[in-house]
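The values are calculated or read from the model by the stated rules, or taken from the named source; none is laboratory data. All values derive from a computational prediction rather than experimental measurement. Here the Cβ positions follow ideal geometry from the backbone for every residue, glycine too, while neighbour counts run over all protein chains shown. Calculation scope for accessible area: heavy atoms of the full protein, side chains included, ligands and nucleic acids excluded. Shrake-Rupley method; radii C 1.70, N 1.55, O 1.52, S 1.80 Å.
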Amino acid sequence: YRLAAEQGFADAQNNLGLMYYEGQGVPQDDKTAVKWYRLAAEQGDAFAQYNLGLMYDEGKGVPQDYKTAVKWYRLAAEQGHADAQFNLGVMYEKGQGVPQDYKTAAKWFRLAAKQGFAPAQSNLGLMYRNGHGVPQDYKTAVKWYRLAAEQGHADAQFNLGVMYEKGQGVPQDDKTAVKWFRLAAKQGFAPAQSNLGLMYRNGHGVPQDYK
């Protein structure tokens, strides 16, 4: 990686940055990771642009700087990098480095969601459920939750369970709610564990069982 990186090969520069970031084959060193990410990012490498954005987002190897994180996320997102599209959506959703803008957040979540990126599918479902940046639409929320839930995304499994429990966007169905709560609960997702306990306590979708 180093021999190629020193010749300006962007993919190698990004991968060398990853080795320093993860401490694989070299001592872990965020600053050196940033150095190599930057060299690749400035050549237009989307993976390096995303990685550099993440370093600024989290303040690793550089001072935390949301505006600069947004800059690099955007460059990668515009090249179709799903992780960057998702993170850029989060920045707009939270108003970090940019003015809060739910419509723009939903735009970036949708682009990543259409690539099958489960966290973006889950977040897009939440936007439709709450009517943030899009018209409130429970059926569409369920659609996106389901796509993420079927990939094993615990938040989406929990939220899909809530939709079945409340009959929002789907017919009310405690047994199906329990199914999704259980899948998320097995991943250690505390809200799902709590809701599953409540279902057993009240005998909703499962036999009542206080133990």
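Let me check something: with ligands and nucleic acids excluded, how do His204, His81 order by accessible area (1.4 Å probe), largest to smallest? The partial results should precede the final answer.
Values: His204 80, His81 25 Å².
Ranked list, largest accessible area first: His204, His81.
Among Gly197, Gly95, Gly25, the largest mean-square fluctuation in a Gaussian network model of the chain, built with springs joining Cα atoms closer than 10 Å, belongs to Gly25. Here the label points at Asp137 and Glu22, each 7 Å from Cα along the C-beta direction, are separated by 3.9 nm in the simple model. With Cα atoms defining each centre, segment 62-117 and segment 1-49 are spaced 22 Å apart in the structure.
Phe47: net charge of surrounding residues, Cβ under 10 Å, Lys/Arg +1, Asp/Glu -1, itself excluded? Walk me through the numbers before you get to the answer.
On the way: positive: none; negative: Asp11, Asp45, Asp83.
Around Phe47, the charge tally is -3.
What you get for segment 102-211, charging only the Cβ of Lys and Arg (+1) and of Asp and Glu (-1), is a dipole of about 220 debye around the Cα centre. Between Leu198 and Gln115, the contour length at 0.36 nm per residue exceeds the Cα-Cα span by 26.3 nm. Leu3 label point, 7 Å along Cα→Cβ, cut-off 19 Å on backbone N: hits in segment 21-50? Only 25-26 fall inside the zone, counting backbone N under 19 Å. Residues in segment 21-26 carry Karplus couplings, in order, of 4, 8, x, 9, x, 9 Hz; the curve used is 6.51 cos²θ - 1.76 cosθ + 1.60 with θ = phi - 60°, and Gly or Pro positions show x.
Working from the pairwise distances between different alpha carbons, so that the mean of 1/r is found and then inverted, what is segment 82-211's Kirkwood radius in Å? Computed over segment 82-211, the radius equals 14.9 Å. Based on Cα contacts under 8 Å between residues 6+ apart, the chain shows a relative contact order of 9 percent. For the chain, carbon and sulfur atoms together expose 49% of the accessible surface, with a 1.4 angstrom probe and every protein chain in place.
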